[in-house]
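The values are calculated or read from the model by the stated rules, or taken from the named source; none is laboratory data. No experiment lies behind these values; they were computed from the predicted model shown. We place every Cβ from the backbone using ideal geometry, glycine too, and count neighbours over all the protein chains shown. Accessible surface areas use protein heavy atoms only, side chains included; no ligands, DNA or RNA. Shrake-Rupley method; radii C 1.70, N 1.55, O 1.52, S 1.80 Å.
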Amino acid sequence: MKIALYPGTFDPLTLGHIDIIEQGIKIFDKIIITVASNSTKKPMFNAKERCAMISEVIKINKYSNVEVTAFDGLVVEYAKQNGATTLIRGLRAVTDFEYEFQMALMNKQLYSKISTVFFMPDEKHTYLTSTIVREIASHEGKVDSFVPKSVASTIKKKLY
Ligand code: COA
């Protein structure tokens, strides 16, 4: 069984992330979306809330081979525990490359069996980040075309 982890902060999940998940579904038997607490970021939603938003999207979109879980610690350790030898990451633009290259090589150093595969989202999502979504929402802008409907309504409930 080909199991892949899709790690990230997902604060919140965007349509760009969905694009990556839907490409991954075609290749892997199971995808585990791993929500990192990420000590370098100050999230708007805690890990439990981010997982709940993703669970709802999985249910609504009827993804049968996608799970979500929160994790703390090294992503490669989590991969080992779950029998995953692939990490999925999105590459939106050249600017993502250096950071992703460094992470992929470092994860390989830490666990030689791990490979990182990169998917490119549709170009309409290349400018999208969770930070931009939070920024627009915090100024009462509409985020409906950047995130799934259920996520947009959770953001509204949180902010207003
Ligand atoms: N569409 C839209 N946005 C996307 C995207 C896509 N397809 N892919 C990435 N992004 C955005 C994210 O929304 C995020 O935006 P933000 O910075 O505004 O929050 C940004 O790109 C970064 O992406 P993300 O996937 O959340 O990466 P990250 O750098 O926050 O997290 C981890 C990286 C969690 C995977 C990494 O830190 C990790 O593995 N941590 C665990 C500890 C560990 O093992 N460390 C060693 C790593 S070598």
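Quick check on the range 10-37: of everything there that is farther than 21 Å from Lys149 by Cβ, open to solvent by less than 50 Å² (accessible area, probe 1.4 Å) and part of a loop (DSSP other than H, G, I, E, B), which residue is nearest to the ligand (Cβ to nearest atom)?
So the residue we want is Ser37.
Kindly provide the set of residues from the range 79-98 that are open to solvent by 40 Å² or more (accessible area, probe 1.4 Å), within 8 Å of the ligand (Cβ to nearest atom) and at pLDDT 95 or above, ordered by number.
To start, the set of residues in the range 79-98 that are open to solvent by 40 Å² or more (accessible area, probe 1.4 Å) comprises 80-83, 85, 89, 92-95, 97-98.
Narrowing further to those that are within 8 Å of the ligand (Cβ to nearest atom): 89, 92.
Residue satisfying the conditions is Arg89 alone.
Specify the residue that is farthest from the chain's Cα centre (by Cα); the eligible residues are those in the range 109-134 that are within 9 Å of the ligand (Cβ to nearest atom) and either assigned to a strand (DSSP E or B) or among the charged types (D, E, K, R) (or both).
If we filter the range 109-134 for residues that are within 9 Å of the ligand (Cβ to nearest atom), which is where we start, we get 109-110, 119-121, 125-134.
Those left that are additionally either assigned to a strand (DSSP E or B) or among the charged types (D, E, K, R) (or both): 119, 134.
Numbers: Phe119: 12, Arg134: 15 Å.
The residue in question is Arg134.
Ile155 is checked against (1) within 13 Å of the ligand (Cβ to nearest atom); (2) open to solvent by less than 30 Å² (accessible area, probe 1.4 Å); (3) over 29 Å from Ala84 (Cβ atoms) and fails just one. What number does that condition carry?
(1)
Answer yes or no: is there a residue in the range 51-61 that is more than 14 Å from Asp11 (Cα to Cα) and either exposed (fewer than 13 other Cβ atoms within 10 Å of the Cβ) or within 8 Å of the ligand (Cβ to nearest atom) (or both).
Checked the range 51-61: at least one residue is more than 14 Å from Asp11 (Cα to Cα) and either exposed (fewer than 13 other Cβ atoms within 10 Å of the Cβ) or within 8 Å of the ligand (Cβ to nearest atom) (or both).
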